[in-house]
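Enquirer: Got a structure for you, written out below as structure tokens; questions coming shortly.
Nothing in this text is a laboratory measurement; each read-out follows from the coordinates by a stated rule. Only a predicted model underlies this, so the values are computations on that prediction, with no experimental measurement involved. Note: ideal-geometry Cβ built from the backbone for every residue, glycine included; neighbour counts use all protein chains shown.
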There are 2 protein chains.
Amino acid sequence: MKIGELAKRGICSVETIRFYEKEGLLEAPTRNDNGYRQYTNSHLAQLNFIRHCRSLGMGLPEIRTLRTLQTHPELACDEINHLLDSQIERVHQQITSLRLLEQQLRSLRGSCHANTTIGNCAILRNLEQAADGEGCPCHAVHEKS
Amino acid sequence: MKIGELAKRGICSVETIRFYEKEGLLEAPTRNDNGYRQYTNSHLAQLNFIRHCRSLGMGLPEIRTLRTLQTHPELACDEINHLLDSQIERVHQQITSLRLLEQQLRSLRGSCHANTTIGNCAILRNLEQAADGEGCPCHAVHEKS
DNA sequence: AAAACACCCTGTTCCTACTTCAGGGTCAAG
DNA sequence: CTTGACCCTGAAGTAGGAACAGGGTGTTTT
């Protein structure tokens with residue numbers, strides 16, 4: 001199949017496929033006489049694997065690692081477990097951080113329900129006061145992450 | 001104060017300050033005879049405001065909007081409310097998406113507790129099978145977001 | 001046959017919010 | 001007079017592609 005069909009079947013864009021090839025994630029296919037890329041079902045499986053890992057939030061280096069490990073079935077799979085553990089940890093910390101963030105935003109939003117002018121807007125005053133350094137620990141907290 | 005001290009007091013890097021100035025977020029300070037930037041407490045307040053908004057997950061365009069609104073205290077503050085509402089919505093959706101992601105990762109991780117080889121690794125097989133299209137809705141789901 | 005249209009190619013630039021680097025100037029201390 | 005800490009500008013790099021420029025190919029329609 002040609003790149004357009006692979007893109008449709010792999011639910012991604014043509015540019016993304018060429019990008020993966022350039023990055024060495026997707027095996028380079030043979031070319032037709034006219035220079036068009038000619039893909040097989042194996043390429044589709046590879047692409048789906050990559051897209052699935054991406055949908056799980058993995059970065060390209062992690063996926064590269066998995067692809068390399070795939071070709072060495074005799075090795076211990078500890079490395080795969082570690083990789084997943086670190087992914088889980090990363091996602092978990094993101095969630096924790098975002099939950100705190102949502103609370104802060106809701107609290108801020110709650111300070112202005114009435115229709116008023118910017119000069120009287122409690123939200124903006126809260127933002128400015130927090131910026132003055134007192135009473136807002138979130139600033140420094142997020143700084144370190 | 002010079003840029004190094006502003007950076008220390010604003011808890012960010014010197015480069016970030018110069019970047020904000022180039023982006024028009026932070027007012028350009030006067031220069032000393034030697035060309036060094038000379039900052040005032042007003043600049044520190046501006047920087048803290050920017051950093052605080054950043055720590056709340058806002059992008060530079062949003063912060064630019066707020067900074068512009070600050071200079072028009074007579075306008076209605078509806079726009080500020082809308083801006084915050086959309087921030088909250090964005091963060092909320094991120095959390096929802098990440099929670100689903102964490103569940104998927106944990107489920108995947110749970111399929112391999114034993115020490116085995118990559119050839120037998122249930123995680124990798126799960127990833128490959130999911131990539132084959134059957135039984136994994138998450139792939140297409142994340143695609144649309 | 002010519003034109004329109006869909007598809008393909010390479011290569012380059014753009015996006016966020018910075019960080020890092022190259023190459024150099026300034027200033028106080030030892 | 002040299003060392004080290006600070007400052008300057010401007011360009012390039014980061015992740016993961018998206019978008020565009022400029023051109024070739026293949027089928028269909030006129």
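Enquirer: Does residue B:5 satisfy the criteria of being more than 7 Å from chain A (Cβ to nearest Cβ) and either within 30 Å of residue A:84 (Cβ to Cβ) or within 16 Å of DNA strand D (Cβ to nearest atom) (or both)?
Expert: On the way: more than 7 Å from chain A (Cβ to nearest Cβ): yes; either within 30 Å of residue A:84 (Cβ to Cβ) or within 16 Å of DNA strand D (Cβ to nearest atom) (or both): yes.
When the stated conditions are applied, residue B:5 passes them.
Enquirer: Taking the criterion of being more than 12 Å from DNA strand D (Cβ to nearest atom), within 29 Å of residue A:102 (Cβ to Cβ) and in contact with an Asp or Glu (Cβ under 8 Å, 6 or more places away or on another chain), would at least one residue in the stretch B:24-46 satisfy it?
Expert: yes
Enquirer: Which residues, counting only those in the stretch B:1-41, are in a strand (DSSP E or B) and exposed (fewer than 14 other Cβ atoms within 10 Å of the Cβ)?
Expert: B:30, B:31, B:38
Enquirer: Among the listed residues B:112, B:53, identify the single one that is over 19 Å from the mean Cα position of the chain (by Cα), away from DNA strand D (no atom under 16 Å from the Cβ) and facing chain A (nearest Cβ under 8 Å).
Expert: B:112
Enquirer: Under the condition of being in contact (Cβ under 8 Å) with a residue 12 or more places away in the chain and more than 8 Å from chain A (Cβ to nearest Cβ), which residue from the stretch B:65-78 is surrounded by the most Cβ atoms within 10 Å (Cβ to Cβ)?
Expert: B:67
Enquirer: Take residue A:62 and tell me if it is touching a residue at least 12 places away in the same chain (Cβ under 8 Å), away from DNA strand D (no atom under 12 Å from the Cβ) and of a type in the set (Asp, Glu).
Expert: Considered against the rule, which asks whether it is touching a residue at least 12 places away in the same chain (Cβ under 8 Å), away from DNA strand D (no atom under 12 Å from the Cβ) and of a type in the set (Asp, Glu), residue A:62 comes out as no.
Enquirer: Another one. Looking only at the stretch A:25-50, which residues are within 14 Å of another protein chain (Cβ to nearest Cβ) and either of a type in the set (Lys, Arg) or more than 16 Å from residue A:12 (Cβ to Cβ) (or both)?
Expert: A:41, A:42
Enquirer: Of everything in the stretch A:42-59, what is assigned to a helix (DSSP H, G or I), of a type outside the set (Phe, Trp, Tyr) and free of Cβ contacts under 8 Å to residues at least 24 places away in the same chain? Give them in sequence order.
Expert: Of everything in the stretch A:42-59, those that are assigned to a helix (DSSP H, G or I), of a type outside the set (Phe, Trp, Tyr) and free of Cβ contacts under 8 Å to residues at least 24 places away in the same chain turn out to be A:42, A:45, A:46, A:52, A:53, A:54, A:55.
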